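Read the structure below first, then the notes.
The values are calculated or read from the model by the stated rules, or taken from the named source; none is laboratory data. What you see is a predicted model, and the numbers here were worked out from it, not measured in a lab. When we count neighbours, we look across all protein chains shown, and the Cβ atoms used for this are built from the backbone with ideal geometry, even at glycine.
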């Protein structure tokens with residue numbers, strides 16, 4: 001899911017929150033309300049997992065809140081879960097949704113790009129191209145995986161098209177990524193005469209931008 005889709009989904013689930021249910025006695029909860037609660041809780045937990053990762057504190061706390069229905073009843077669980085959900089929505093809207101997996105990926109690709117940049121500055125254009133091309137391909141794959149997309153067996157151009165179709169790479173970014181696929185292919189096949197230092201510098205800058213936005 002793209003960031004704007006996640007934001008919209010948070011808004012949708014916020015509107016569906018069964019806040020009045022938390023003020024009822026357990027005996028007053030109807031079968032229909034219980035069904036709605038189960039559906040909302042499952043959707044909210046899944047969204048928090050997508051946003052923050054299943055290893056996050058918010059995901060863990062949401063799971064505990066939902067599970068408290070067993071011992072404390074639906075009204076108590078609903079109140080606890082809506083509180084955690086509100087906190088998760090607020091953190092996401094304020095940009096605090098970087099997962100551990102994203103942080104690690106960003107650091108790895110950042111190091112790779114730093115090495116590519118150093119090589120380019122020292123005149124090793126071909127070595128820089130290989131490093132930048134690897135970071136380009138691997139970062140796009142990681143972004144797709146983080147959004148739950150199936151990438152097995154896909155060529156890089158197909159992957160770019162998929163990210164564009166899912167509105168993950170939008171506007172000029174999608175076209176630029178498609179253009180850099182040619183640079184990546186040339187680097188992977190050692191076709192050095194087809195690659196310029198300017199192109200390599202542009203590729204490094206593009207991947208850095210992608211990392212900032214998505215990793």
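Points to keep in mind about this one:
- For residue 198: the one exception among (1) surrounded by 14 or more Cβ atoms within 10 Å (Cβ to Cβ); (2) without any contact (Cβ under 8 Å) to a residue 24 or more places away in the chain: (1)
- Among helices (runs of 4 or more DSSP H) entirely within region 124-190, having at least 2 residues that are modelled with pLDDT of 90 or more and over 21 Å from the mean Cα position of the chain (by Cα) singles out 125-146, 172-188.
Okay, residues lined up against (1) surrounded by 12 or more Cβ atoms within 10 Å (Cβ to Cβ); (2) outside any helix (DSSP H, G or I):
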{"residue": "15", "(1), (2)": "no, no"}
{"residue": "20", "(1), (2)": "no, no"}
{"residue": "27", "(1), (2)": "no, no"}
{"residue": "33", "(1), (2)": "yes, no"}
{"residue": "37", "(1), (2)": "yes, no"}
{"residue": "40", "(1), (2)": "yes, no"}
{"residue": "43", "(1), (2)": "yes, no"}
{"residue": "48", "(1), (2)": "yes, no"}
{"residue": "55", "(1), (2)": "no, yes"}
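- Residues that are under 21 Å from residue 202 (Cβ atoms) and surrounded by fewer than 17 Cβ atoms within 10 Å (Cβ to Cβ), drawn from region 142-160: 157
- Tally of residues being surrounded by fewer than 20 Cβ atoms within 10 Å (Cβ to Cβ) and over 10 Å from residue 48 (Cβ atoms) across region 80-90: 3
- Residue list for region 191-215, filter: more than 11 Å from residue 136 (Cβ to Cβ), touching a helix residue (DSSP H, G or I) at 6+ places or on another chain (Cβ under 7 Å) and in a helix (DSSP H, G or I): 192, 194, 197, 199, 201, 214
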